[in-house]
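What follows is a set of notes on a single structure, which appears directly below.
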Amino acid sequence: MKKKTWIDLDEKYKIKSIKQVVYDYEDQVFYIMANRYQDKLGFFCIVFHEENPDDFHFLIKLKNKLDIADANIFVLRNNNKMYKELVLSYKTIYLNMYNITILDIHNPNSKEENAVFRHESF
């Protein structure tokens with residue numbers, strides 16, 4: 001908004017079916033959860049800095065051919081114990097599988113998927 005430019009996230013990142021967008025004020029980054037990447041169904045999570053949306057990377061790129069719903073993203077912090085985690089949850093449609101993935105995001109410049117926990121239940 002400062003530069004008065006508009007970006008079509010679907011077109012820029014080749015994603016569709018955006019399920020959730022969350023802004024982290026500490027690191028000044030956006031997290032996007034989407035259900036399609038390059039017209040392939042799956043579970044995809046992208047992070048990019050608010051000042052430079054061209055510098056983005058995928059935290060998760062899972063092509064599973066499943067539709068998702070009830071998606072949520074939370075940034076979990078504990079300054080006393082010095083940790084910061086990204087909690088991603090969603091339900092797969094028709095299968096009724098509930099999924100929770102927790103990623104360590106204490107280093108916002110890391111391009112590695114640092115999965116701390118993954119849970120899947122029926």
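The values are calculated or read from the model by the stated rules, or taken from the named source; none is laboratory data. This one's a predicted model, so the numbers in the text were calculated from it and none came from an experiment. No Cβ is skipped: glycine too gets one built from the backbone with ideal geometry, and neighbour counts run over all protein chains shown.
Worth pointing out:
- Test: residue in the range 26-40 that is over 23 Å from residue 12 (Cβ atoms) and surrounded by fewer than 18 Cβ atoms within 10 Å (Cβ to Cβ): yes
- Residues of the range 1-28 satisfying the condition of being in a strand (DSSP E or B), of a type outside the set (Gly, Ala, Ser) and either in contact with a Pro (Cβ under 6 Å, 6 or more places away or on another chain) or closer than 21 Å to residue 65 by Cα (or both): 15, 16, 18, 19, 20
- Filtered residue count, the range 85-120, keeping only those that are small (Gly, Ala, Ser) and modelled with pLDDT of 90 or more: 1
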